[in-house]
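Down below is the structure, laid out as structure tokens.
The values are calculated or read from the model by the stated rules, or taken from the named source; none is laboratory data. Keep in mind that what you see is a predicted model, and the values were worked out from it rather than measured. Virtual Cβ from ideal backbone geometry, glycine too; neighbours counted across all protein chains shown.
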Amino acid sequence: MAAPLSAIDVRRLRLRALLLAGERGRAGDDAPAGDAGEVARVVAHLGAMQAQDVASALWSLGLRLPGTTELHLRDALARGQAIRTWPMRGTIHLVPPRDAAWMTALMSTRPRAAAAARRAQLGLDDATVERGAQVLLEALRGRRLTRAACLAALEDAGIPTDGQRGYHVIVDAAQAGAVCIVAQDGKEQVFARLDEAAPDPLRPSREDALATLARRYVQSHGPVTEADLARWTGLPLRDCRAGIAAAGEAITRVDTVAGPMLASPRVLEAGAPAERAVLAAPGFDELVLGYADRSAQLPREREAAVVPGGNGVFRSTFVRDGLVVGTWRRTVTATAVRVEAHDLAGLSARDRGRCEAALAPYGAFLERKVRAAWA
């Protein structure tokens, strides 16, 4: 009988699954057909990528697509290789366009119900929210509008938008599958009708949809637990277990020192990557956010430094051999990126140098020089 996977094995295999080691940007089992583009392949492999913060989402893609630039990725997104919407947990993610409709339909029930109480506090009844979605659909017919323009359309229709009312109407419309984010105009989100941004949606059965979610999550994050899948999707454990069962041989069970986990046979066969790289990862990368229990890569005693106050705002991290060892903050100017680095692991001078070197790809990504200093 094979020995259980160690914590080191788990985090190294996760690096491979997450496309942060080994082959970067490769096409997985769920890669879109044809020449859909490198961004489309990465997003399809991961299933969905946290994208509440645009800059972090772009660098998450950049880490997995070495040599690319932020401008190149913005162009890829503007051309529709992926869209941003609220498919799960009430949070914005990058998703494959053809999957957006079924993903939001499957996973938005709980977030929409959870938001109903807040909408009621704001004086928004269900009829007003539903009418808001229809107003947005009509305003967006055949065109794209900034968030400000969407709010103006709601106001013109007599739907109040002050005090976060407009935000709640727009988010619910997205979770209902009516609208989505297709671009960014400076700091403003640009919206379109989902049926126009993704005119050829996939329509899997519920069983197939659950199987697809389970397969994609395990292949791109594993080894993981059922609880990790439930947390990532926001679905009940019974649905997650149904998806795992429906995924069949695409998911296998493996023993680890932390207990039984789920993994992709392909990732297990490829094994832990040989490289022991240091990465400068963005704050909202799936490496940290994608798990209910992230302790294999983020020790609990360092978690408060990465998520100060537990407020849901994740700092960018230095990751050595899959383990978070520091954090960093950036200030971007017209010609440079100034980085304030923080040591969480008592790093040697050599390892601090490796962290600084890991920032060089980020500078190239932004087409700016990086200047780092340790606080």
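The residues listed here are A198, A242, A183; of these, the one that is modelled with pLDDT of 95 or more, surrounded by fewer than 22 Cβ atoms within 10 Å (Cβ to Cβ) and aliphatic (A, V, I, L, M) is A242.
Within the range 350-370, residues that are in contact (Cβ under 8 Å) with a residue 12 or more places away in the chain and under 15 Å from L73 (Cα atoms) sit with their Cβ atoms under 6 Å from residues that are in a helix (DSSP H, G or I) and charged (D, E, K, R), at 6+ positions apart or across chains, in these pairs: F365/E70; L366/E70. Taken over the range 211-237, the criterion of being of a type in the set (A, V, I, L, M), more than 20 Å from L287 (Cβ to Cβ) and touching a Pro at 6+ places or on another chain (Cβ under 9 Å) is satisfied by A211 alone.
When the test is whether a residue is loosely packed, with under 14 Cβ neighbours inside 10 Å, touching a residue at least 40 places away in the same chain (Cβ under 8 Å) and outside any helix (DSSP H, G or I), G123 passes it. For the range 90-101, filtering for residues that are surrounded by 19 or more Cβ atoms within 10 Å (Cβ to Cβ) and in a loop (DSSP other than H, G, I, E, B) leaves 1. In the range 317-328 there is at least one residue matching the filter, namely being closer than 23 Å to A364 by Cβ, surrounded by fewer than 20 Cβ atoms within 10 Å (Cβ to Cβ) and not small (G, A, S). Scanning the range 132-164 for residues being farther than 22 Å from A197 by Cβ and in a helix (DSSP H, G or I) gives a total of 2. Would you call V370 modelled with pLDDT of 95 or more, within 22 Å of V224 (Cβ to Cβ) and not in a loop (DSSP other than H, G, I, E, B)? No. Within the range 312-347, the set of residues being among the hydrophobic types (A, V, I, L, M, F, W, C), touching a strand residue (DSSP E or B) at 6+ places or on another chain (Cβ under 6 Å), assigned to a strand (DSSP E or B) and more than 14 Å from A281 (Cβ to Cβ) comprises A336, V337.
Does R64 satisfy the criteria of being in contact with a Leu (Cβ under 6 Å, 6 or more places away or on another chain), closer than 22 Å to V267 by Cα and modelled with pLDDT of 95 or more? Yes: the conditions hold for R64.
Residues of the range 134-152 that are of a type in the set (A, V, I, L, M, F, W, C), surrounded by fewer than 19 Cβ atoms within 10 Å (Cβ to Cβ) and closer than 14 Å to A173 by Cα: L137 alone. Of all residues in the range 68-113, those satisfying the criterion of being within 16 Å of the chain's Cα centre (by Cα) and hydrophobic (A, V, I, L, M, F, W, C) are L73, L77, A82, I83, W86, M88, I92, L94, V95, A100, M103, M107. Within the range 225-250, residues that are in contact (Cβ under 8 Å) with a residue 60 or more places away in the chain have Cβ atoms under 6 Å from residues that are of a type in the set (S, T, Y) and part of a loop (DSSP other than H, G, I, E, B) in these pairs: D228/Y291, counting only partners at least 6 apart in sequence or on another chain. Name the residues in the range 69-88 that are of a type outside the set (G, A, S) and crowded, with 20+ Cβ neighbours inside 10 Å, would you? Answer for the range 69-88, where residues must be of a type outside the set (G, A, S) and crowded, with 20+ Cβ neighbours inside 10 Å: L73, L77, Q81, I83, R84, T85, W86, P87, M88. Selection of first residues in the range 258-280 that are closer than 24 Å to F318 by Cβ and surrounded by fewer than 17 Cβ atoms within 10 Å (Cβ to Cβ) and of second residues that are modelled with pLDDT of 95 or more and among the polar types (S, T, N, Q), restricted to Cβ pairs under 9 Å at least 6 apart or on distinct chains, gives the following pairs, ordered by first then second residue: A258/T225.
Within the range 34-68, the set of residues being among the charged types (D, E, K, R) and part of a helix (DSSP H, G or I) comprises E38, R41, R64.
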